[in-house]
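Colleague: Let me give you the structure first, and then I'll get to my questions.
What follows draws every value from the coordinates through simple rules; no lab data is involved. Note that the structure is a prediction, hence the values are computed from the model and not measured. Please note: Cβ atoms are built from the backbone with ideal geometry, for glycine as well, and neighbour counts cover all protein chains shown.
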Amino acid sequence: MIRILILSAAGYLVLLTAIALFQRKLLYYPSHHSNNNGLSPWELDGNLIGYVREVTAPRAVWLLLHGNGGQASDRVYALPSFSIHDSVFILEYPGYGSRPGFPSLDSINQTATHAYEVLRSKFPQLPVCVAGESIGSGPASSLAMNPHPPDKIVLIPPFDKLSNVATAHFPFLPVKLLLRDNWDNIASLRGYNGPLEIIGARADTIIPMRHAKVLATSKPSAIFHEIEGGHNDWADGVKVKIQYKN
């Protein structure tokens, strides 16, 4: 019996070590194809940093921070949810698509901040807003702490704190001790006073809707919407309308 316990404990420690070392392989799923899906490249100093649907004389500008799978050019499905009068810039994360680097909380937050400030500088007279999809709700919420925060933030379907989602999926692991990239959207949004919309999907099994509800409850001024479908169904049939003013 003692031998079994020792072997079980050793196996568990090996599992914890493997997860600690390779957790970002489990969290980020970038792709690297060259298809732009009809979007225009978004370049800065000759480097591709994302893709854009740009319109003439936009009424507002949006920075879209996408989920953990695929790459920026795959998010063409999201565009019908945005107003046809707004320009939409989709950020490419480090290590995604053709962008060099490695994805992490720090690298994604840094590139999101840089991209946001570039848009602020380029469009000083326009509302600059942010939409965050899934894990992108983390860097989107972090921009709420910017000295010049977004004119509006929309989160679809977001988490309250990433470790809370991971703990529910892996209750046998000490997730809060292991998780390096633990975005805390409640903390990030605490001081934000701008318009905030939070969308939760009723059949979401990846980030169950209760996490979006907890996040919305933490911000009494937030507008909360429930939609049908699962985690990746929010853009189907334009269930969600993303616009600066309703």
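Colleague: Using only the Cα atoms, work out Rg/Rh for region 30-137, with Rh taken as the Kirkwood radius, to two decimals.
Modeller: Here the Rg-to-Rh quotient is 0.93.
Colleague: Right, here's the next one. For helix 2-27, report the angle its Cα long axis makes with the longest principal axis of the Cα atoms of the chain; keep it between 0 and 90° and round to the nearest 10°.
Modeller: Rounded to the nearest ten degrees, it is 10.
Colleague: Can you figure out the FRET efficiency of residue 35 with residue 85, using R₀ = 22 Å and their beta-carbon distance, to the nearest 0.05?
Modeller: 0.25
Colleague: Where does helix 209-218 land angle-wise versus the long Cα axis of the chain, in degrees 0 to 90, nearest 10?
Modeller: Rounded to the nearest ten degrees, it is 70.
Colleague: Hey, another quick one. Once you put a point 7 Å from the Cα of residue 193 and another 7 Å from the Cα of residue 56, both along the Cβ direction, what distance in nm separates them?
Modeller: 3.9 nm
Colleague: Quick one: helix 105-122 against the long Cα principal axis of the chain, what's the angle to the nearest 10°, folded into 0 to 90?
Modeller: Taking the Cα atoms of the chain, the angle to 105-122 is about 10 degrees.
Colleague: Would you compute, for the Cα atoms of region 118-239, the largest minus smallest coordinate along each principal axis and list the three values in descending order, in whole Å?
Modeller: Principal extents (largest minus smallest coordinate, Cα): 50, 36, 26 Å.
Colleague: Based on the Kirkwood radius over alpha-carbon pairs, what is the Stokes-Einstein translational diffusion coefficient of the chain at 37 °C with 0.692 mPa s viscosity, in µm²/s?
Modeller: 175 µm²/s
Colleague: Run the numbers for residue 102 and residue 43: contour at 0.36 nm per residue of separation, minus the present Cα-Cα distance, in nm.
Modeller: Between residue 102 and residue 43, full extension yields 19.3 nm more.
Colleague: Here is a further query. Residue farthest toward the positive end of the dipole of the chain, with Cβ of Lys/Arg at +1 and Asp/Glu at -1: which of 111, 26, 51?
Modeller: The Cα lying farthest towards the positive end belongs to 26.
Colleague: With the cut-off at 21 Å, tell me which of the pairs 161/213; 161/245; 219/245; 122/239 have Cα atoms farther apart than that.
Modeller: 161/245; 122/239
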